[in-house]
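Have a look at the structure below before the remarks.
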Amino acid sequence: MALKITVIGTGYLGATHAAAMAELGFEVLGLDVQPEKIEMLRRGEVPMYEPGLEELLRRHVAGIEGSTGRLRFTTSYEEVGAFGDIHFVCVNTPQKHGEYACDMSYVEAAFDALAPHLTRPALVVGKSTVPVGSAARLAQRLTAAAPAGADAELAWNPEFLREGLAVQDTLHPDRIVVGVAGVGAPPSDNWGRAEALLREVYAAPIAEGSPFVVMDYPTAELVKTSANSFLATKISFINAMAEVCEAADGDVVKLAEAIGHDERIGKKFLRAGIGFGGGCLPKDIRAFMARAGELGADQALTFLREVDSINMRRRGHMVELARDAVGGSFLGMRVAVLGATFKPDSDDVRDSPALNVAGQIHLQGGQVTVYDPKGMVNAQRLFPTLGYAESALEAVRGAHVVLHLTEWREFRELDPAVLAEVATERRVLDGRNALDPALWRKAGWTYRALGRPNA
Ligand SMILES: NC(=O)c1ccc[n+]([C@@H]2O[C@H](COP(=O)([O-])OP(=O)(O)OC[C@H]3O[C@@H](n4cnc5c(N)ncnc54)[C@H](O)[C@@H]3O)[C@@H](O)[C@H]2O)c1
C-alpha cells in the first residue's frame, strides 16, 4: 500500500510539497486554516504564482477531469489525523513583531491541533524553518499530546526550495536533510523507522542521485539556517564591494565576473543590487542571531548583523540615487518602478526591496507608479497608496526617472527606444545590474547602476 501523506499549511512551501508528493505517486491530503485557500486548491487553482505549480496541481487534484485524484484538501485536523501515515508540517514561521526572534506560534498551534487526532501510527515531519532546539521540544510536546496508540514520532526535514523554481526544487532537490531523534540516542522500538519512511517518500529523487543526509535534530535545524546565512552573506559581500567600487570608481559587475572565475568563490549570488528580501532570508538570519544569543553563542553570529545592515543600506542608497537623479527632491517628480516582488518568477512581495524603495520615495513626496508582471495584487494590498500601471510602458509614461528593481526577464526584453518616447526624462537606474547599459544609452537614456561608474 502506498504511503498516505498529509501536508499541513498549504502556502508557498506546502502547496508545492503537496502537489509534488502526489506527483511522486502518494495519496495526499493538504490542510490549511484558511478556508478560502483550501477552496481554491480544491478547484485546482494555486493561491500564488509559482511557475509549473498549477499544471502539477491540476494533474492530481481529485474531481478535476483527467486528474489522478491522488490529491485532496481539507480544513479538518480530524480527517488529517485519521488519514495520514506521514504528516508534513509546512506552516509559516515569521519574525516576531518588534523582535528578531522567530514566531513559533503557528508551528505550535499546528502540532497542538494535530496531536490529539493521531489515531494511527504516525510520523510527523517538520519542514518549516525553526530555531535550533525546536524539534526536540516539539517531539516532547507531540508524544505528550498524542494518544498512546499513535506511536507518534518526529523527524525534521528542512526545505531548501527557491520560489520561482519551487516545483523543480521539490521534485529534484539538490539534497534531502533529515533530522531524527535516534541519532546518538539508545536504540528504541522505532529505531530507524523515521529514516526508512522518509527514504520511501523520497525514493525517486534518491534514485536520481539526490544525497540523503541523516543527522540529529539540532544539526538538521542548523543546516537550514546556516545555508541561508551563507547565501545572505554572499549577497551582502558583493553589495559591500559595490559600495567600495562606488567610492573608488570601480565597476562591481566586472569585479564579480572576475572573482567568480575562481571556483572556490563561484559566480552565483554575486550580482550587486538592492539586496535580498522575501519571506525567508531576512527573518531567518535575524531569528538565527536571536537564537544564538539565547544559547550564549551570539558572538559567533555578530557578522550577520553587518550582513543585515549592508543589505538594508542598499535600499536607502537606491532612494538617494533616485533623488539625486531627479535633482535633489522628489517633490513633483514622477518615478516609474519596474518590479514589486522580492525576486522574479514569483508574486511574493514579503519584505520586498523593490516595494520598500517605492514606499520610501512615495513618503518623500515622489509620485510613484509601479508595474510588476505577477506581483500587482499583493503589492496593492500591502501598499495601497502607491500608483500602479498595467504595463511597463504605462508605468514609464511621463516618468522623470525609471527604477529597475526586480530582475524579471520582461524588463530585460523591453525596448528602451520605445520607452524613451513616453518618458519625460530619459534616466534609468538599474537596481539589479541586469539591464544592458549599452542598449539603453544607445536609445538616449542616462543609465546608472549600483556599484558602477557613471560613464
Ligand atoms: N517560501 C519559501 O521559499 C520557503 C523555502 C524554504 C523554507 N520555507 C519555510 O517554510 C515555512 C512556510 O513558508 P511559506 O513561505 O510557505 O509560508 P506561507 O505563509 O506561504 O504559508 C504558510 C501556510 O500555513 C498556514 N497555517 C498557519 N497556521 C496554520 C495551522 N495552525 N494549521 C494549518 N495551517 C496553518 C497558513 O494559512 C499558510 O497558508 C516557513 O517556515 C518558511 O521559512 C519557505
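The values are calculated or read from the model by the stated rules, or taken from the named source; none is laboratory data. Everything numeric in this text was worked out from a predicted model, so none of it was measured. Using ideal geometry, Cβ is built from the backbone for each residue, glycine included, and neighbour counts are taken over all protein chains shown.
Worth a mention:
- In the range 26-36, of all residues being free of Cβ contacts under 8 Å to residues at least 60 places away in the same chain, more than 21 Å from the chain's Cα centre (by Cα) and within 20 Å of Asn157 (Cα to Cα), the one that is nearest to the ligand (Cβ to nearest atom) corresponds to Leu29.
- Per-region count, the range 203-227, residues in a helix (DSSP H, G or I) and among the β-branched types (Val, Ile, Thr): 4
- Restricting attention to the range 268-290, the residues that are assigned to a helix (DSSP H, G or I) and within 14 Å of the ligand (Cβ to nearest atom) add up to 8.
- Matching residues in the range 45-66 - criterion: being surrounded by fewer than 20 Cβ atoms within 10 Å (Cβ to Cβ), in contact with a Lys or Arg (Cβ under 8 Å, 6 or more places away or on another chain) and within 17 Å of Phe26 (Cβ to Cβ): Ala62
- Only a single criterion out of (1) crowded, with 18+ Cβ neighbours inside 10 Å; (2) in a loop (DSSP other than H, G, I, E, B); (3) out of contact with any helix residue (DSSP H, G or I) (no Cβ under 9 Å at 6 or more places or on another chain) is not satisfied by Gly14, namely (2).
- Selection count where residues are in a loop (DSSP other than H, G, I, E, B), closer than 22 Å to Val377 by Cα and either touching a residue at least 40 places away in the same chain (Cβ under 8 Å) or β-branched (Val, Ile, Thr) (or both), scope the range 37-70: 6
- Helices (runs of 4 or more DSSP H) (entirely within the range 318-396) containing at least 2 residues that are under 26 Å from the mean Cα position of the chain (by Cα): 353-363, 376-382
- In the range 95-190, counting only helices (runs of 4 or more DSSP H) that sit wholly within it, the ones holding 3 or more residues that are away from the ligand (no atom under 15 Å from the Cβ) and not small (Gly, Ala, Ser) span 134-145.
- Across the range 294-311, the qualifying residues are those that are buried (at least 16 other Cβ atoms within 10 Å of the Cβ) and either within 21 Å of the chain's Cα centre (by Cα) or of a type outside the set (A, V, I, L, M) (or both), and the one among them that is nearest to Ala358 (Cα to Cα) is Asn311.
- Filter pass, Val418 being outside the structural domain of Leu13 (by TED's automatic domain parsing), farther than 27 Å from Pro47 by Cα and in contact (Cβ under 8 Å) with a residue 40 or more places away in the chain: no
- When the range 426-455 is filtered for residues that are of a type in the set (A, V, I, L, M), modelled with pLDDT of 95 or more and either farther than 17 Å from Ile235 by Cα or part of a strand (DSSP E or B) (or both), the ones remaining, listed by number, are Val428, Leu429, Leu435, Ala438, Leu439, Ala443, Ala449.
- Scanning the range 375-426 for residues that are in contact with a Ser or Thr (Cβ under 7 Å, 6 or more places away or on another chain) and among the β-branched types (Val, Ile, Thr) yields a single hit, Thr406.
- Residues of the range 69-85 satisfying the condition of being buried (at least 22 other Cβ atoms within 10 Å of the Cβ), more than 13 Å from the ligand (Cβ to nearest atom) and within 15 Å of Ala152 (Cα to Cα): Gly84
- Among the residues of the range 112-126, those identified as surrounded by fewer than 24 Cβ atoms within 10 Å (Cβ to Cβ) and more than 16 Å from Arg193 (Cβ to Cβ) are Asp112, Ala113, Ala115, Pro116, His117, Thr119.
- Check on Thr6, closer than 18 Å to Glu79 by Cα and surrounded by 24 or more Cβ atoms within 10 Å (Cβ to Cβ): yes
- Contact annotation: residue pairs with Cβ atoms under 6 Å, 6 or more positions apart or on different chains, pairing a residue in the range 426-442 that is more than 16 Å from Ala256 (Cβ to Cβ) with a partner that is in a loop (DSSP other than H, G, I, E, B), are Arg426/Gly444; Arg426/Trp445; Val428/Trp445.
- Whenever a residue of the range 99-121 is in the same structural domain as Ile8 (by TED's automatic domain parsing), its partners that are among the small types (Gly, Ala, Ser) and assigned to a strand (DSSP E or B), lying with C-beta atoms within less than 9 angstrom and at least six residues away or across chains, give the pairs Val107/Gly126; Phe111/Gly126.
- Any hit, the range 257-267, residues being part of a helix (DSSP H, G or I), away from the ligand (no atom under 16 Å from the Cβ), free of Cβ contacts under 8 Å to residues at least 24 places away in the same chain and among the small types (Gly, Ala, Ser): yes
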